Each structure stands twice: as structure tokens, then as C-alpha cells.
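I have placed the structure first, in the form of C-alpha cells, so that the comments after it can refer back to it.
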Amino acid sequence: MKLCFSLSAALVIVSIVLMLIHGGPRLSIDFTGGSVVQVKFATTPGISQVRSGLETRGYPGAQVTEFGAADEFLITVPATKGASGVEAADTAQKLLGDLRSAFPSAGVELRRVESVGPKIGSELRTAAVNSIIAGLFGIIIYVWFRFVLRYGFAAILALVHDVTLTLGVFSLLNLEISLQIVAALLTIVGYSINDTIVVFDRIRENMKLRRRESYRDVINRSINETLSRTILTSATTMTVAVVLWAMGGPVIRDFAFALSFGVFVGTYSSIFIASPVLVWWYERQASDAKRAAPEM
């Protein structure tokens with residue numbers, strides 16, 4: 001238990017440090033505002049040529065990355081402060097025109113364009129944070145009523161662990177946090193709490209059936225009894241997520257990666273974080289003379 005706590009604490013600290021080094025999670029234009037233009041070239045210039053061509057035409061902050069193939073590029077342009085959604089869309093169209101004039105014989109073909117104004121991006125960012133906080137608060141209330149309060153805190157601790165590690169990996173790989181990734185984080189939260197509740201249910205059943213066993217032994221037995229179910233469910237879910245990551249294409253690659261990693265850490269936390277926290281909490285209460293008979 002101590003080894004797993006130490007390992008998880010170290011990984012959480014590393015994740016937080018990584019996010020601080022990068023100035024927080026790298027937010028996509030969904031939350032910051034701006035334009036994304038996906039283009040395909042008939043005659044492919046180098047990525048450095050595309051970048052320098054845009055810089056000479058007044059786009060010094062444009063990010064150019066290959067997208068799925070060597071002849072396709074994703075160009076991201078941040079929105080100017082105070083720009084509206086319409087102005088952001090105009091910027092995308094202007095960028096496309098400038099790109100075609102910079103490479104007149106390259107056959108620039110528009111594949112996708114997305115624009116979000118800074119105000120809408122700010123509203124989406126606030127809504128995403130509120131959704132995650134509301135989800136965590138709802139979970140702790142649900143687990144509190146279904147079990148007892150410390151089960152809720154143990155479950156929330158495991159969920160915070162899962163989300164923090166996922167954000168840390170995204171910072172490490174310099175991947176963007178978009179609306180898709182927020183949906184993936186909420187999916188991870190749902191998957192992880194479902195796995196944790198299954199273990200908690202078995203703990204509650206064994207508490208009634210095995211009153212002569214110690215609290216630590218009952219929890220250890222409950223984890224072992226649900227271990228095969230946990231591993232099989234996680235393995236099948238991860239198989240689908242990994243296949244999507246490998247073969248689903250660049251549009252959903254980050255989403256599938258977040259799901260794959262989140263399912264892995266969610267399975268780990270339901271076994272090595274949530275249940276051991278219950279043991280730590282119970283034994284801490286039991287050693288207190290004023291709380292000699294803690295519930296469950």
C-alpha cells in the first residue's frame with residue numbers, strides 16, 4: 001500500500017510540475033479562440049516553407065503541423081484580443097487566400113475550417129471546468145448516500161488522481177486539451193467510478209458476511225474476488241480504445257489516447273488507491289479512542 005501511495009504521489013507531483021512548466025494544460029482554440037484550417041497540397045512544400053510563407057504574410061503566431069499525411073497540414077492561428085466569432089472566421093478565410101497566393105502552383109485544397117471567438121472560448125472553458133467540478137461533487141454525494149462518507153472521499157481521491165495523471169501525460173507530450181478531451185476526461189471519470197463502485201459493493205457485502213475478519217483482510221479479499229472482472233473489463237475496453245488510437249485517424253487520435261491511458265490509470269486507482277484509502281482511514285479512526293467503533 002505504501003509503495004503504491006508513494007508511486008502515485010510521485011506521479012501526481014510530476015504531472016503538476018509538468019503542467020506548471022508548460023504554463024498549464026495546452027488549451028485548443030475551443031477554449032482560447034482562434035481558427036484552425038486543414039489544407040491539402042497537390043504539390044507538397046516542406047513544413048518549414050509553409051511556416052515561413054505564412055510568417056511573411058503576417059501570421060507570426062501560426063502553428064503548422066502535419067495532419068495524417070505528408071501533404072496535409074493543420075494550421076492554427078490564435079484569435080486577436082476582443083475579436084468576434086465572425087472576425088475569427090474572416091481570419092480563416094483570409095489565411096486560406098494568403099496561403100494560395102504564397103503557393104500558387106501547389107494546388108491548395110481546403111479540407112476543414114473551424115473558428116471560435118475569444119468570448120465563446122472563454123465561456124466554453126468555464127463550462128468545461130464547471131462540468132467537471134459538478135460531476136465530481138455529484139459523485140461524492142451519490143457514494144456518500146450509497147455507502148458512507150469516507151467511501152466518497154476515497155473515490156474522489158482516485159478520480160482526481162486519474163484526471164491529474166492524464167493531464168500530466170498530455171502536458172508531457174504537448175497535446176492540446178480540446179472539447180473532445182474534456183469529453184474523454186468525463187468518460188474516464190465515469191469508467192473509473194464504475195469500477196470503484198463494484199469493488200466497494202463487494203467490500204460492503206463481505207463486511208456483513210465476514211465479521212470476524214479484520215477490515216484490512218476483508219478489503220484485500222474483496223479486491224481479489226473482483227480482480228478477474230476488473231481486468232477482463234478493462235482489457236476489452238482498452239483493446240477498443242487502442243485500436244481507435246492506432247487506426248481511427250488523426251481526428252480522434254488524441255481522444256482515443258486519452259481514453260486508453262485513462263482506462264489504465266482508472267483500473268489501477270480502483271485497486272491501489274481507492275480501497276487502500278479506506279483501510280488507512282478506518283485504521284486511523286479505529287486507533288482514536290473517541291472513534292473506537294467506526295461504521296463499516
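The values are calculated or read from the model by the stated rules, or taken from the named source; none is laboratory data. None of the values given here were measured: they were computed from a predicted structure. Virtual Cβ from ideal backbone geometry, glycine too; neighbours counted across all protein chains shown. Ligands, DNA and RNA are stripped out before the accessible areas are found, and what is left, the full protein with its side chains, is counted by its heavy atoms. Shrake-Rupley method; radii C 1.70, N 1.55, O 1.52, S 1.80 Å.
Can we say LEU157 is open to solvent by 10 Å² or more (accessible area, probe 1.4 Å), assigned to a helix (DSSP H, G or I) and in contact (Cβ under 8 Å) with a residue 60 or more places away in the chain? Don't jump to the end; show me each part of the working.
Details: open to solvent by 10 Å² or more (accessible area, probe 1.4 Å): yes; assigned to a helix (DSSP H, G or I): yes; in contact (Cβ under 8 Å) with a residue 60 or more places away in the chain: yes.
Here the answer is yes, as LEU157 does meet what is asked.
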Being among the β-branched types (Val, Ile, Thr) and either closer than 21 Å to GLU176 by Cβ or at pLDDT 80 or above (or both) is the filter here; which residues of segment 44-61 pass it? ILE47, VAL50, THR56
Please go through segment 229-248 and give me each residue that is exposed (fewer than 13 other Cβ atoms within 10 Å of the Cβ) and closer than 20 Å to ILE273 by Cβ, ordered by number. ILE231, ALA235
Which condition number in (1) out of contact with any Asp or Glu (no Cβ under 8 Å at 6 or more places or on another chain); (2) surrounded by 14 or more Cβ atoms within 10 Å (Cβ to Cβ); (3) not aliphatic (A, V, I, L, M) is the one that SER105 fails? (2)
Quick check on segment 110-123. Is at least one of its residues part of a helix (DSSP H, G or I), of a type in the set (A, V, I, L, M, F, W, C) and under 30 Å from PHE200 (Cα atoms)? no
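With respect to GLU114, determine if the residue is at pLDDT 80 or above and either acidic (Asp, Glu) or crowded, with 17+ Cβ neighbours inside 10 Å (or both).
Details: at pLDDT 80 or above: no; either acidic (Asp, Glu) or crowded, with 17+ Cβ neighbours inside 10 Å (or both): yes.
For GLU114, the condition - at pLDDT 80 or above and either acidic (Asp, Glu) or crowded, with 17+ Cβ neighbours inside 10 Å (or both) - is not met.
Matching residues to (1) among the aliphatic types (A, V, I, L, M); (2) open to solvent by less than 30 Å² (accessible area, probe 1.4 Å):
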| site | (1), (2) |
| --- | --- |
| THR164 | no, yes |
| LEU167 | yes, no |
| LEU175 | yes, no |
| ILE193 | yes, yes |
| VAL199 | yes, yes |
| ARG204 | no, no |
| MET207 | yes, no |
| ARG211 | no, no |
What number of residues within segment 25-57 are farther than 23 Å from ALA258 by Cα, in contact with a Lys or Arg (Cβ under 9 Å, 6 or more places away or on another chain) and not basic (Lys, Arg)? 2
Scanning segment 62-79 for residues that are surrounded by fewer than 18 Cβ atoms within 10 Å (Cβ to Cβ) and under 17 Å from ASP30 (Cβ atoms), the one modelled with the highest pLDDT turns out to be LEU74
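What residue, of PHE272, PHE257, PHE264, is modelled with pLDDT of 85 or more, closer than 28 Å to LEU173 by Cα and open to solvent by less than 70 Å² (accessible area, probe 1.4 Å)? Let's see the steps before the verdict.
Values: PHE272 fails: open to solvent by less than 70 Å² (accessible area, probe 1.4 Å); PHE264 fails: open to solvent by less than 70 Å² (accessible area, probe 1.4 Å).
Every option except PHE257 fails the conditions.
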Helices (runs of 4 or more DSSP H) wholly inside segment 1-56 containing at least 2 residues that are open to solvent by 70 Å² or more (accessible area, probe 1.4 Å): 2-21, 47-56
